[in-house]
Amino acid sequence: HIPAQISCLRDYESYARQRMRTQDWAYFSTGAADELTLQDNLASFGRWGLWPAALSEFDQPSTRLTLHGQSMDYPILLAPVAYQRLAHPDGELASVLGAGAMGATSVISMQASHSFEEIAARAHAPLWAQWYWQTDRAFTVDLLRRLEAAGYAALMLTVDAAVNGVRNQEQRAGFSLPEGVDAVNLRGAPKQQVVLGAAGTSPLFASGLLDTAPTWEDLAWLVQNSPLPVWVKGVMRPRDAQRALDRGVAGIVVSNHGGRTLDGAPASVDVLAQVCQVVQGRVPVLMDGGIRRGTDVLKALALGATAVMIGRPYIYGLAAAGAAGVAHVLHILRAELEVAMALTGCNTLADIGPELLYRS
Ligand code: FNR
């Protein structure tokens, strides 16, 4: 049931919050440390203005695009978000049902709380899988085969989280996974050691945790051995985009993990144009972080993104109203994008360019 008062993405937040344990709200909504990056992701869009167009002519206006040979009705995907059963009893199953109703592609977190196969069985729209580097080659090869067999169309290696960020808000709220919610797809994988070193030792560097962090060589291995095209998610520096291109990635996601890893990282939208300049259209570039309005989508596309992903907004839709909430969030954002295009005189996505922007 969707309350009539909900008319934009942010309206879902209070409903979602009421339906979650306090510690789960902290898990979903907060960012690392002082949340400088989390806040800047949201604030950065406000620093760009849009030029309105007068008396435009429209001829069969459309938001269609083709991403890697995959046709999409509009340039919005669902970003990978872990443990969705914390937000709703049906978790990822409800999310992909909502995405399917709207024809949107979902990227499923490797830390999903349902199996990749169960999720695929509910999907009516393409699925991609997000990947955290696994040190065990046999486990990796087996899981990659499972993904291919289940029909996943692409793999997205997350490259900005060698370790978790400093999650003070989660610590204060005492966040921990409840009984019955876990990363089911990682059962049987060697566990990452998350306990930092004892007092008097080097807390992270002596913990051994970084020994298992993926390297550029590991990315090259994955590109060569994955049956699915490999994207990288979490590229911010232009030179890292170049390194990823050199290793043959299929696409790049400009992202700072929604402000959950390095606090102080710039807003993703602020580095997007620099990354796109390096990429030169050789592969598609997605961005995420702080998209809450159709005008945000338009601004990201004007700065060079091929499409965007949303994270928290659809989780709030999921928590408040299940699959219908996820579909509604996508519908609202898509409708707002169309309004933004109409008012800036854009007939298709190809008309969206930097000339629409001014720095306010
Ligand atoms: C994430 N994100 C994430 N990314 C990833 O690659 N694997 C994951 O498992 C998760 N899990 C996750 C959990 C939660 C609670 C959040 C909020 C985010 C990051 C996510 O894919 C995306 O980059 C951001 O959420 C985008 O920012 P917005 O849209 O939330 O502002």
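Using a Gaussian network for the chain with springs between C-alpha atoms less than 10 Å apart, which of these wobbles most: 269, 329, 278? Of 269, 329, 278, the most mobile in the Gaussian network model is 278. Packing-based ranking of 154-165, 93-104, 55-66 yields 93-104, 154-165, 55-66, ordered from highest to lowest mean Cβ neighbour count within 10 Å. Computed over the alpha carbons of the range 111-159, Rg followed by Dmax gives 10.8, 32 Å. Its relative contact order, with pairs defined as Cα atoms under 8 Å and 6+ residues apart, puts the chain at 28 percent. Computed on the range 157-271, with alpha-carbon pairs under 8 angstrom and 6+ residues apart, the relative contact order is 33 percent.
Based on Cα contacts under 8 Å between residues 6+ apart, the range 249-328 shows a relative contact order of 27 percent. Database remark: amide H of residue 67 closer than 5 angstrom to the amide H of 72 (H placed geometrically; neighbours at sequence offset of 5 or more, or on other chains; Pro and chain starts carry no H). How far is helix 216-225 tilted off the main Cα axis of the chain, in degrees rounded to 10, range 0 to 90? Helix 216-225 sits at roughly 80 degrees to that axis. Rg/Rh, computed from the Cα trace of the range 223-314 with Rh as the Kirkwood radius, has the value 0.96.
A simple count of charges around residue 111, restricted to other residues whose Cβ falls under 12 Å of its Cβ and scoring Lys, Arg +1 and Asp, Glu -1, yields 0.
Along each principal axis, taking the top coordinate minus the bottom one, the Cα set of the chain gives 67, 47, 43 Å in descending order.
Magnitude of the charge dipole for the chain, about its Cα centre and with charges confined to Cβ atoms of Lys, Arg (+1) and Asp, Glu (-1), is about 240 debye. Neighbour counts of other Cβ atoms within 10 Å put 11, 211 in the fewest-to-most order 211, 11. A cut-off under 12 angstrom between Cβ atoms defines the neighbours of residue 157, and their net charge, with Lys, Arg +1 and Asp, Glu -1, is 0.
Just to confirm my numbers, what's the Cα centroid distance between the range 302-319 and the range 13-84 in Å? With the range 302-319 and the range 13-84 each reduced to a Cα centre, they are spaced 3 Å.
Coordinate-derived values only; no laboratory data. Predicted, not measured: the structure shown is a model, and the values here were computed from it. For neighbour counting, all protein chains shown are included, and Cβ atoms are generated from backbone atoms with ideal geometry for every residue, glycine included.
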